[in-house]
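Asker: Got a structure for you, written out below as C-alpha coordinates; questions coming shortly.
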Amino acid sequence: MLIDHLSRQLREREAHSLRRSRRIVELPCAPRVSVSGNAHAARPMRAFCSNDYLGLANHPELRAALAEGACRWGVGSGASHLISGHTRAHAALEDDLADFLARCIPQARAIEFCSGYMANLALLTALGDADTTIFADRLNHASLIDGGLLSKATMRRYAHGRTDVLADQLARCTTPIRLIVTDAVFSMDGDLAPLPELLALAERFDAWLIVDDAHGFGVLGEQGRGTLAHFGLRSERLICMGTLGKAAGVAGAFVVAHETIVDWLVQAARTYVYTTASPPALAHTLRASLRLVRGEEGERRRARLRDLVRLLRTRLGALIADRPELGWRLGESSTAIQPVIVGGNEATLSLSAALEARGLWVPAIRPPTVPVGSARLRITLSAAHDEDDVASLVDGLEHAAKELP
Ligand SMILES: *Cc1c(COP(=O)(O)O)cnc(C)c1O
(Lines give C-alpha, C1' and ligand atoms only; values in the text may rest on other atoms or scores of the structure.)
Protein backbone atom coordinates (compact mmCIF):
# COMPACT_ATOMS: atom_id res chain seq x y z
CA MET A 1 0.00 0.00 0.00
CA LEU A 2 2.69 2.47 0.98
CA ILE A 3 4.85 1.40 -1.97
CA ASP A 4 1.90 1.83 -4.40
CA HIS A 5 1.08 5.19 -2.87
CA LEU A 6 4.64 6.43 -3.29
CA SER A 7 5.09 4.91 -6.75
CA ARG A 8 2.00 6.77 -7.96
CA GLN A 9 3.39 10.05 -6.65
CA LEU A 10 6.78 9.38 -8.20
CA ARG A 11 5.14 8.73 -11.60
CA GLU A 12 3.15 11.94 -11.24
CA ARG A 13 6.32 13.91 -10.63
CA GLU A 14 7.91 12.26 -13.63
CA ALA A 15 4.96 13.25 -15.81
CA HIS A 16 5.31 16.89 -14.75
CA SER A 17 9.08 16.98 -15.31
CA LEU A 18 9.46 17.35 -11.55
CA ARG A 19 11.23 14.13 -10.67
CA ARG A 20 14.72 14.81 -9.34
CA SER A 21 17.76 12.64 -9.35
CA ARG A 22 21.24 12.83 -7.90
CA ARG A 23 24.49 12.82 -9.82
CA ILE A 24 27.59 11.25 -8.41
CA VAL A 25 30.58 13.58 -8.36
CA GLU A 26 33.89 11.76 -8.57
CA LEU A 27 36.25 14.65 -7.69
CA PRO A 28 36.48 17.36 -5.00
CA CYS A 29 34.22 20.40 -5.34
CA ALA A 30 35.68 22.64 -8.09
CA PRO A 31 34.66 24.24 -11.42
CA ARG A 32 36.00 21.16 -13.24
CA VAL A 33 34.49 17.95 -11.97
CA SER A 34 33.88 14.42 -13.11
CA VAL A 35 30.26 13.36 -12.90
CA SER A 36 28.47 10.02 -13.21
CA GLY A 37 24.78 9.88 -14.08
CA ASN A 38 22.24 7.07 -14.06
CA ALA A 39 22.93 6.09 -17.63
CA HIS A 40 26.52 7.02 -18.26
CA ALA A 41 30.00 6.56 -16.90
CA ALA A 42 31.95 9.39 -15.28
CA ARG A 43 32.75 12.27 -17.59
CA PRO A 44 34.36 15.67 -17.19
CA MET A 45 32.08 18.69 -16.76
CA ARG A 46 32.40 22.38 -16.03
CA ALA A 47 30.17 22.99 -13.04
CA PHE A 48 28.18 26.19 -12.42
CA CYS A 49 26.18 24.97 -9.47
CA SER A 50 28.14 24.94 -6.24
CA ASN A 51 27.88 27.59 -3.53
CA ASP A 52 31.62 27.39 -2.94
CA TYR A 53 31.81 31.06 -3.93
CA LEU A 54 35.42 31.67 -2.95
CA GLY A 55 36.71 28.30 -4.09
CA LEU A 56 37.82 27.33 -0.59
CA ALA A 57 36.18 23.87 -0.38
CA ASN A 58 39.38 22.15 -1.53
CA HIS A 59 41.92 24.78 -0.46
CA PRO A 60 45.27 23.21 0.55
CA GLU A 61 45.44 25.25 3.77
CA LEU A 62 41.99 24.03 4.79
CA ARG A 63 42.80 20.41 3.94
CA ALA A 64 45.85 20.76 6.16
CA ALA A 65 43.78 22.42 8.91
CA LEU A 66 41.27 19.56 8.84
CA ALA A 67 44.06 16.97 9.10
CA GLU A 68 45.66 18.93 11.94
CA GLY A 69 42.27 19.31 13.64
CA ALA A 70 41.68 15.56 13.40
CA CYS A 71 45.11 14.80 14.90
CA ARG A 72 44.48 17.21 17.74
CA TRP A 73 40.78 16.53 18.42
CA GLY A 74 40.02 13.16 16.91
CA VAL A 75 37.02 12.59 14.71
CA GLY A 76 33.81 12.81 16.72
CA SER A 77 32.64 15.19 19.46
CA GLY A 78 30.99 12.35 21.36
CA ALA A 79 27.96 14.21 22.72
CA SER A 80 25.74 17.25 22.40
CA HIS A 81 27.01 20.72 23.38
CA LEU A 82 25.19 20.72 26.72
CA ILE A 83 26.55 17.33 27.73
CA SER A 84 30.26 17.01 26.88
CA GLY A 85 30.58 17.79 23.16
CA HIS A 86 31.38 21.51 23.44
CA THR A 87 35.17 21.70 22.97
CA ARG A 88 37.65 24.54 23.14
CA ALA A 89 37.70 24.41 19.31
CA HIS A 90 33.94 25.18 19.18
CA ALA A 91 34.23 27.92 21.80
CA ALA A 92 37.13 29.57 19.97
CA LEU A 93 35.24 29.47 16.66
CA GLU A 94 32.26 31.14 18.32
CA ASP A 95 34.52 33.88 19.71
CA ASP A 96 36.00 34.46 16.25
CA LEU A 97 32.55 34.73 14.68
CA ALA A 98 31.25 37.13 17.35
CA ASP A 99 34.37 39.25 16.94
CA PHE A 100 33.97 39.28 13.14
CA LEU A 101 30.39 40.59 13.34
CA ALA A 102 30.84 42.83 16.42
CA ARG A 103 30.86 45.85 14.12
CA CYS A 104 27.28 45.11 12.99
CA ILE A 105 25.74 43.85 16.23
CA PRO A 106 26.55 45.36 19.64
CA GLN A 107 26.97 43.04 22.66
CA ALA A 108 27.16 40.16 20.20
CA ARG A 109 27.79 36.52 20.91
CA ALA A 110 27.87 33.59 18.50
CA ILE A 111 26.52 30.05 18.56
CA GLU A 112 27.53 27.41 16.04
CA PHE A 113 25.14 24.85 14.50
CA CYS A 114 25.68 21.67 12.47
CA SER A 115 23.87 23.18 9.46
CA GLY A 116 22.05 26.26 8.28
CA TYR A 117 18.80 24.35 8.13
CA MET A 118 19.15 23.51 11.83
CA ALA A 119 20.16 27.08 12.72
CA ASN A 120 17.01 28.47 11.09
CA LEU A 121 14.76 25.89 12.77
CA ALA A 122 16.47 26.79 16.04
CA LEU A 123 15.94 30.52 15.66
CA LEU A 124 12.31 30.45 14.64
CA THR A 125 11.17 27.74 17.04
CA ALA A 126 13.08 29.07 20.06
CA LEU A 127 12.10 32.71 19.51
CA GLY A 128 8.69 32.18 17.92
CA ASP A 129 6.43 31.48 20.89
CA ALA A 130 2.68 32.18 21.13
CA ASP A 131 3.38 35.86 21.93
CA THR A 132 5.15 36.30 18.62
CA THR A 133 4.32 37.13 15.01
CA ILE A 134 6.83 36.16 12.32
CA PHE A 135 6.82 38.32 9.17
CA ALA A 136 8.50 36.49 6.31
CA ASP A 137 9.38 37.37 2.71
CA ARG A 138 7.56 35.00 0.34
CA LEU A 139 10.78 33.93 -1.33
CA ASN A 140 12.60 33.00 1.87
CA HIS A 141 14.56 29.76 2.00
CA ALA A 142 12.67 26.54 2.81
CA SER A 143 14.40 26.25 6.20
CA LEU A 144 12.93 29.60 7.29
CA ILE A 145 9.48 28.56 6.09
CA ASP A 146 9.74 25.25 7.94
CA GLY A 147 11.02 26.98 11.09
CA GLY A 148 8.03 29.31 11.02
CA LEU A 149 5.60 26.41 10.54
CA LEU A 150 7.14 24.45 13.44
CA SER A 151 7.03 27.46 15.77
CA LYS A 152 4.06 28.49 17.89
CA ALA A 153 4.12 31.98 16.40
CA THR A 154 1.59 33.51 14.02
CA MET A 155 3.04 33.53 10.46
CA ARG A 156 2.53 36.43 8.05
CA ARG A 157 4.16 36.34 4.64
CA TYR A 158 4.69 39.44 2.52
CA ALA A 159 5.23 39.68 -1.25
CA HIS A 160 8.89 39.59 -2.18
CA GLY A 161 10.68 42.77 -1.10
CA ARG A 162 7.41 44.66 -0.49
CA THR A 163 8.25 46.78 2.55
CA ASP A 164 4.96 48.68 2.12
CA VAL A 165 2.96 45.47 2.59
CA LEU A 166 5.13 44.55 5.56
CA ALA A 167 4.61 48.00 7.13
CA ASP A 168 0.82 47.48 6.95
CA GLN A 169 1.11 44.04 8.53
CA LEU A 170 3.33 45.40 11.31
CA ALA A 171 0.96 48.29 11.97
CA ARG A 172 -1.92 45.85 12.49
CA CYS A 173 0.05 43.37 14.58
CA THR A 174 -1.16 42.87 18.16
CA THR A 175 1.37 40.36 19.55
CA PRO A 176 4.02 41.84 21.85
CA ILE A 177 6.97 40.21 20.00
CA ARG A 178 7.56 40.77 16.28
CA LEU A 179 10.21 39.08 14.15
CA ILE A 180 10.93 40.10 10.57
CA VAL A 181 12.69 37.25 8.76
CA THR A 182 14.45 37.45 5.42
CA ASP A 183 17.12 35.96 3.21
CA ALA A 184 19.82 38.62 2.76
CA VAL A 185 20.70 37.34 -0.72
CA PHE A 186 17.78 35.37 -2.12
CA SER A 187 19.03 31.91 -2.91
CA MET A 188 17.23 31.33 -6.22
CA ASP A 189 17.30 34.92 -7.53
CA GLY A 190 20.55 36.39 -6.21
CA ASP A 191 18.93 39.75 -5.41
CA LEU A 192 19.45 41.54 -2.08
CA ALA A 193 16.74 42.13 0.51
CA PRO A 194 16.16 45.84 1.26
CA LEU A 195 17.85 45.46 4.64
CA PRO A 196 18.15 49.19 5.52
CA GLU A 197 14.39 49.64 4.99
CA LEU A 198 13.61 46.43 6.89
CA LEU A 199 15.75 47.57 9.83
CA ALA A 200 14.04 50.98 9.81
CA LEU A 201 10.67 49.18 10.00
CA ALA A 202 11.97 47.00 12.84
CA GLU A 203 12.94 50.14 14.74
CA ARG A 204 9.68 51.90 13.99
CA PHE A 205 7.49 48.95 15.01
CA ASP A 206 9.63 47.55 17.83
CA ALA A 207 10.44 44.40 15.88
CA TRP A 208 13.62 42.31 15.46
CA LEU A 209 15.23 41.56 12.13
CA ILE A 210 16.48 38.00 11.47
CA VAL A 211 18.78 37.95 8.45
CA ASP A 212 19.77 34.68 6.75
CA ASP A 213 23.11 35.54 5.16
CA ALA A 214 23.84 32.10 3.65
CA HIS A 215 24.89 33.66 0.33
CA GLY A 216 26.38 36.94 1.58
CA PHE A 217 28.67 35.76 4.35
CA GLY A 218 32.25 35.58 3.07
CA VAL A 219 31.30 37.25 -0.20
CA LEU A 220 29.85 40.70 0.50
CA GLY A 221 30.94 43.57 2.74
CA GLU A 222 34.36 44.56 3.99
CA GLN A 223 36.50 41.46 4.68
CA GLY A 224 33.54 39.31 3.63
CA ARG A 225 31.63 40.16 6.80
CA GLY A 226 28.41 39.78 4.85
CA THR A 227 25.34 41.67 3.75
CA LEU A 228 24.88 43.63 7.01
CA ALA A 229 28.35 45.12 6.49
CA HIS A 230 27.64 45.63 2.77
CA PHE A 231 24.83 47.99 3.81
CA GLY A 232 26.82 49.42 6.75
CA LEU A 233 24.14 48.38 9.26
CA ARG A 234 24.61 48.23 13.01
CA SER A 235 21.86 47.53 15.51
CA GLU A 236 21.03 45.51 18.59
CA ARG A 237 17.86 44.47 16.72
CA LEU A 238 19.81 42.46 14.16
CA ILE A 239 20.02 38.67 14.43
CA CYS A 240 22.42 37.29 11.83
CA MET A 241 22.47 33.68 10.70
CA GLY A 242 25.19 32.58 8.28
CA THR A 243 26.20 29.25 6.80
CA LEU A 244 29.72 27.86 6.80
CA GLY A 245 29.39 25.30 3.99
CA LYS A 246 29.10 27.88 1.20
CA ALA A 247 31.68 30.68 0.86
CA ALA A 248 33.49 29.45 3.99
CA GLY A 249 33.97 26.13 2.19
CA VAL A 250 33.50 23.75 5.14
CA ALA A 251 30.17 22.93 6.87
CA GLY A 252 27.90 24.20 9.60
CA ALA A 253 26.28 27.53 10.41
CA PHE A 254 26.12 30.19 13.09
CA VAL A 255 23.87 32.75 14.68
CA VAL A 256 25.37 36.01 15.93
CA ALA A 257 23.02 38.11 18.06
CA HIS A 258 22.67 39.97 21.34
CA GLU A 259 24.11 37.79 24.12
CA THR A 260 20.71 37.24 25.74
CA ILE A 261 19.31 35.82 22.50
CA VAL A 262 22.26 33.43 22.19
CA ASP A 263 21.83 32.43 25.85
CA TRP A 264 18.22 31.59 25.12
CA LEU A 265 19.11 29.54 22.03
CA VAL A 266 21.52 27.44 24.12
CA GLN A 267 18.64 26.72 26.53
CA ALA A 268 15.71 26.32 24.18
CA ALA A 269 16.74 25.55 20.59
CA ARG A 270 15.86 21.89 20.09
CA THR A 271 18.08 21.49 17.00
CA TYR A 272 20.97 22.60 19.23
CA VAL A 273 20.17 20.81 22.47
CA TYR A 274 19.18 17.44 21.05
CA THR A 275 21.92 16.81 18.54
CA THR A 276 25.54 15.71 18.69
CA ALA A 277 28.00 18.60 18.42
CA SER A 278 29.78 18.84 15.07
CA PRO A 279 33.28 17.32 14.95
CA PRO A 280 35.72 19.70 16.69
CA ALA A 281 38.12 19.22 13.76
CA LEU A 282 35.56 21.06 11.62
CA ALA A 283 35.48 23.97 14.09
CA HIS A 284 39.28 23.99 13.96
CA THR A 285 39.13 24.05 10.12
CA LEU A 286 36.54 26.82 10.17
CA ARG A 287 38.84 29.07 12.20
CA ALA A 288 41.44 28.68 9.44
CA SER A 289 38.76 29.36 6.83
CA LEU A 290 37.71 32.57 8.60
CA ARG A 291 41.33 33.76 8.58
CA LEU A 292 41.45 33.18 4.81
CA VAL A 293 38.09 34.87 4.25
CA ARG A 294 39.04 37.97 6.30
CA GLY A 295 42.53 38.26 4.90
CA GLU A 296 44.18 39.32 1.66
CA GLU A 297 43.47 36.05 -0.08
CA GLY A 298 39.76 36.48 0.63
CA GLU A 299 39.95 40.02 -0.72
CA ARG A 300 41.60 38.80 -3.94
CA ARG A 301 39.06 36.05 -4.39
CA ARG A 302 36.11 38.41 -3.84
CA ALA A 303 37.50 40.83 -6.43
CA ARG A 304 37.93 37.99 -8.94
CA LEU A 305 34.38 36.77 -8.32
CA ARG A 306 33.01 40.28 -8.92
CA ASP A 307 34.93 40.49 -12.23
CA LEU A 308 33.57 37.13 -13.38
CA VAL A 309 30.00 38.12 -12.46
CA ARG A 310 30.34 41.33 -14.50
CA LEU A 311 31.74 39.43 -17.46
CA LEU A 312 28.96 36.82 -17.36
CA ARG A 313 26.21 39.45 -17.11
CA THR A 314 27.60 41.45 -20.02
CA ARG A 315 27.86 38.41 -22.28
CA LEU A 316 24.53 36.86 -21.22
CA GLY A 317 22.75 40.20 -21.48
CA ALA A 318 23.98 40.53 -25.09
CA LEU A 319 22.87 36.98 -25.96
CA ILE A 320 19.39 37.48 -24.50
CA ALA A 321 19.00 40.84 -26.25
CA ASP A 322 19.89 39.11 -29.56
CA ARG A 323 17.28 36.40 -29.10
CA PRO A 324 14.16 38.01 -27.56
CA GLU A 325 11.96 35.25 -29.03
CA LEU A 326 13.44 32.80 -26.50
CA GLY A 327 11.66 34.64 -23.70
CA TRP A 328 14.62 34.19 -21.36
CA ARG A 329 15.20 36.74 -18.64
CA LEU A 330 18.36 37.45 -16.70
CA GLY A 331 17.62 38.03 -12.99
CA GLU A 332 18.31 41.42 -11.35
CA SER A 333 21.32 40.16 -9.48
CA SER A 334 24.79 41.51 -8.87
CA THR A 335 25.83 38.51 -6.79
CA ALA A 336 27.37 35.13 -7.64
CA ILE A 337 23.85 33.71 -8.14
CA GLN A 338 22.79 34.49 -11.71
CA PRO A 339 19.43 32.98 -12.70
CA VAL A 340 18.30 32.69 -16.31
CA ILE A 341 14.54 32.53 -15.98
CA VAL A 342 13.06 30.36 -18.73
CA GLY A 343 9.49 29.78 -17.48
CA GLY A 344 8.24 26.26 -18.16
CA ASN A 345 9.59 23.17 -16.41
CA GLU A 346 10.11 21.19 -19.58
CA ALA A 347 11.82 24.01 -21.50
CA THR A 348 14.16 24.56 -18.57
CA LEU A 349 14.96 20.86 -18.32
CA SER A 350 15.69 20.59 -22.06
CA LEU A 351 17.97 23.58 -21.86
CA SER A 352 19.80 22.12 -18.88
CA ALA A 353 20.09 18.79 -20.74
CA ALA A 354 21.42 20.51 -23.89
CA LEU A 355 24.08 22.21 -21.78
CA GLU A 356 24.91 18.94 -20.08
CA ALA A 357 25.46 17.30 -23.45
CA ARG A 358 28.09 20.01 -24.05
CA GLY A 359 29.80 19.28 -20.74
CA LEU A 360 28.24 22.22 -18.87
CA TRP A 361 26.52 21.53 -15.57
CA VAL A 362 23.87 24.12 -14.78
CA PRO A 363 20.94 22.87 -12.71
CA ALA A 364 17.33 23.44 -13.69
CA ILE A 365 15.44 24.79 -10.67
CA ARG A 366 11.75 24.02 -10.74
CA PRO A 367 8.71 24.45 -8.50
CA PRO A 368 8.22 24.08 -5.59
CA THR A 369 11.71 25.55 -5.04
CA VAL A 370 10.65 28.54 -7.17
CA PRO A 371 7.16 29.85 -8.05
CA VAL A 372 5.23 28.01 -10.80
CA GLY A 373 6.06 29.43 -14.24
CA SER A 374 9.48 30.72 -13.21
CA ALA A 375 11.61 27.61 -13.71
CA ARG A 376 15.17 28.63 -14.35
CA LEU A 377 18.78 27.79 -14.80
CA ARG A 378 20.54 28.75 -11.62
CA ILE A 379 24.08 29.67 -12.57
CA THR A 380 26.48 30.17 -9.71
CA LEU A 381 30.00 31.46 -10.14
CA SER A 382 33.02 30.95 -7.94
CA ALA A 383 36.34 32.72 -7.65
CA ALA A 384 37.80 29.40 -8.82
CA HIS A 385 36.18 29.84 -12.28
CA ASP A 386 38.12 31.60 -15.01
CA GLU A 387 37.22 33.68 -18.08
CA ASP A 388 37.35 30.58 -20.24
CA ASP A 389 34.68 28.90 -18.08
CA VAL A 390 32.40 31.91 -18.51
CA ALA A 391 33.02 31.99 -22.27
CA SER A 392 32.23 28.25 -22.60
CA LEU A 393 29.01 28.69 -20.68
CA VAL A 394 27.79 31.57 -22.82
CA ASP A 395 28.81 29.76 -26.03
CA GLY A 396 27.02 26.65 -24.78
CA LEU A 397 23.83 28.64 -24.12
CA GLU A 398 24.07 30.24 -27.54
CA HIS A 399 24.30 26.83 -29.24
CA ALA A 400 21.58 25.34 -27.05
CA ALA A 401 19.32 28.26 -28.00
CA LYS A 402 19.86 27.51 -31.71
CA GLU A 403 19.01 23.84 -31.23
CA LEU A 404 15.79 24.54 -29.35
CA PRO A 405 12.56 24.07 -31.32
C1 LIG B 1 21.86 26.78 2.04
C2 LIG B 1 20.91 27.65 2.77
C3 LIG B 1 20.49 27.33 4.06
C4 LIG B 1 20.82 26.01 4.71
O5 LIG B 1 22.14 25.94 5.06
P6 LIG B 1 22.84 24.51 5.19
O7 LIG B 1 24.06 24.76 5.98
O8 LIG B 1 23.11 24.06 3.79
O9 LIG B 1 21.86 23.62 5.89
C10 LIG B 1 19.71 28.24 4.73
N11 LIG B 1 19.32 29.39 4.15
C12 LIG B 1 19.67 29.71 2.88
C13 LIG B 1 19.20 31.00 2.29
C14 LIG B 1 20.46 28.84 2.15
O15 LIG B 1 20.78 29.12 0.90
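The values are calculated or read from the model by the stated rules, or taken from the named source; none is laboratory data. This one's a predicted model, so the numbers in the text were calculated from it and none came from an experiment. A quick note on method: Cβ atoms are made from the backbone with ideal geometry, for glycine too, and the neighbour counts reach across all protein chains shown. Remember, those area values only see protein heavy atoms, side chains included, never the ligands or the DNA or RNA. Shrake-Rupley method; radii C 1.70, N 1.55, O 1.52, S 1.80 Å.
Asker: Convert each backbone phi in the range 118-130 into a coupling constant with the Karplus relation 6.51 cos²θ - 1.76 cosθ + 1.60 (shift: θ = phi - 60°), then list the ³J(HN,Hα) values in order as whole Hz, x for Gly and Pro.
Answerer: Ordered by residue, 3J(HN,Hα) equals 5, 4, 5, 4, 4, 4, 6, 7, 7, 8, x, 8, 5 Hz.
Asker: Go through the range 201-216 residue by residue and turn each phi into a ³J(HN,Hα) via Karplus (6.51, -1.76, 1.60, θ = phi - 60°); whole Hz please, and just put x for glycine and proline.
Answerer: 5, 4, 5, 5, 10, 6, 10, 10, 10, 8, 10, 8, 9, 3, 9, x
Asker: Among SER36, PHE48, ASN58, which residue has its Cα furthest toward the positive end of the charge dipole of the range 12-64, with +1 on Lys/Arg Cβ and -1 on Asp/Glu Cβ?
Answerer: My answer, from the dipole projection, is SER36.
Asker: How large is ³J(HN,Hα) for each residue in the range 335-346, as worked out from phi by the Karplus curve 6.51 cos²θ - 1.76 cosθ + 1.60 (θ = phi - 60°), to whole Hz, x for Gly and Pro?
Answerer: Going residue by residue, I get 9, 6, 8, 10, x, 10, 7, 9, x, x, 5, 5 Hz, with x marking Gly and Pro.
Asker: When DSSP assigns beta bridges and you keep just the ones with both residues in the range 60-294, what percent turn out antiparallel, to the nearest 5?
Answerer: In the range 60-294, DSSP labels about 40 percent of beta bridges as antiparallel.
Asker: Then there's this: When ligands, DNA and RNA are left out and all protein chains stay put, how many square angstrom of accessible area per residue does the chain have with a 1.4 Å probe? If you can, show how the numbers build up before the last one.
Answerer: Working: 18170 Å² over 405 residues.
Accessible surface, normalised per residue, equals 45 Å².
Asker: With both bridge residues required to lie in the chain, what share of the DSSP beta bridges run antiparallel, to the nearest 5%? Don't skip to the answer; put the middle values down first.
Answerer: Numbers: 28 of 49 bridges.
Bridges in the chain are about 55 percent antiparallel.
Asker: Right, here's the next one. What is the helix-to-structure angle for 280-294, meaning the angle in degrees between its Cα long axis and the longest Cα principal axis of the chain, kept from 0 to 90 and rounded to the nearest 10?
Answerer: Helix 280-294 and the main axis of the chain meet at about 70 degrees.
Asker: Hey, another quick one. Name the residue farthest towards the positive end of the dipole of the range 60-294 from the options GLY226, THR125, SER289, assuming +1 on Cβ of Lys and Arg, -1 on Cβ of Asp and Glu, about the Cα centre.
Answerer: Of the listed residues, the answer is SER289.
Asker: Take the chain, connect every pair of alpha-carbon atoms lying under 10 Å apart with a spring to form a Gaussian network, then pick out the residue of ASP52, ASP389, ASP129 with the largest mean-square fluctuation.
Answerer: Fluctuation is largest for ASP129.
Asker: Where does the chain land at 222 nm, in deg cm²/dmol rounded to the nearest 500, when only DSSP H runs of n ≥ 4 count, each adding -39500 (n - 2.57), divided by all residues? Write out the running numbers ahead of the final one.
Answerer: Numbers: 14 runs with 173 residues, N = 405.
Taken over the chain, the calculation gives -13500 deg cm²/dmol.
Asker: With all protein chains present and a 1.4 Å probe, how do LYS246, LYS152 order by accessible area, largest first? Please report the intermediate quantities before stating the final value.
Answerer: Details: LYS246 40, LYS152 160 Å².
The ranking, largest first, comes out as LYS152, LYS246.
Asker: Let's see if you can work this out: charge +1 on each Lys and Arg Cβ, -1 on each Asp and Glu Cβ, no other charges. What is the dipole magnitude of the chain about its Cα centre, in debye to the nearest 20?
Answerer: Computed charge dipole of the chain: roughly 600 debye.
Asker: Now a separate question. When 1/r is averaged over all different Cα pairs and the result inverted, which Kirkwood radius in Å belongs to the range 215-337?
Answerer: One over the average 1/r among Cα pairs gives 17.1 Å for the range 215-337.
Asker: Can you pull the percent of the chain's accessible area that's carbon plus sulfur, 1.4 Å probe, other chains left in place?
Answerer: Carbon with sulfur: 53 percent of the solvent-accessible area.
Asker: What does the charge count around PRO363 come to, taking other residues whose C-beta lies under 11 Å from its C-beta (Lys +1, Arg +1, Asp -1, Glu -1)?
Answerer: Charge balance near PRO363 sits at +4.
Asker: Here's another thing I want to ask about it. Considering only the other residues whose Cβ falls under 15 Å of the Cβ of ALA91, what net charge follows from Lys and Arg at +1 and Asp and Glu at -1?
Answerer: Summing Lys and Arg as +1 and Asp and Glu as -1 gives -3.
Asker: Still on this structure: Using a 1.4 Å probe on the protein heavy atoms only, what accessible surface does TRP264 show? Give it in Å² to the nearest 10.
Answerer: Using a 1.4 Å probe on the heavy atoms, I get roughly 130 Å².
Asker: Got a sec? Charge dipole of the range 172-300, +1 on Cβ for Lys and Arg, -1 for Asp and Glu; which of TRP208, TYR272, ALA184 is way out at the positive end?
Answerer: TYR272
Asker: Okay, moving on. Where the only charges are on Cβ atoms (+1 Lys, Arg; -1 Asp, Glu), what is the dipole of the range 60-294 about its Cα centre, to the nearest 20 debye?
Answerer: 240
Asker: Note down the nm distance, to one decimal, between modelled labels 7 Å out along Cα→Cβ at GLN267 and at GLU296.
Answerer: Placing both labels 7 Å along Cα→Cβ, they lie 4.7 nm apart.
Asker: Here's a follow-up. Would you pull out the residues with amide H under 5 Å of ILE379's amide H, same chain only if 5 or more places away, H placed 1.01 Å from N?
Answerer: Close amide H contacts, sequence-distant or interchain: GLN338, VAL340.
Asker: Local charge sum around ASN51 (other residues, Cβ-Cβ under 12 Å, Lys/Arg +1, Asp/Glu -1)?
Answerer: Surrounding charge for ASN51 is +1.
Asker: Let me ask something additional. Accessible area of ARG301, 1.4 Å probe, to the nearest 10 Å²?
Answerer: Near enough 60 Å² of accessible area.
Asker: While we're here: Taking H as built 1.01 Å from N, whose amide H comes closer than 5 Å to the amide H of LEU54, not counting residues under 5 places away?
Answerer: Those lying under 5 Å, H to H, from LEU54 are ALA383.
Asker: Can you give the charge dipole size of the range 174-327 about its Cα centre, rounded to the nearest 20 debye, using +1 on the beta carbon of Lys and Arg and -1 on the beta carbon of Asp and Glu?
Answerer: It works out to roughly 500 debye.
Asker: Shifting gears a bit: Using a Gaussian network model of the chain with C-alpha springs under 10 Å, which one of PHE217, PHE100, PHE205 is most mobile by mean-square fluctuation?
Answerer: In the Gaussian network model the winner is PHE205.
Asker: Under a GNM of the chain (C-alpha, springs under 10 Å), which listed residue has the highest mean-square fluctuation: GLY226, GLY69, GLY148?
Answerer: GLY69
Asker: Using only protein heavy atoms and a 1.4 Å probe, report how much of GLU197 is accessible, in Å² to the nearest 10.
Answerer: Probe radius 1.4 Å; accessible area of GLU197 about 100 Å².
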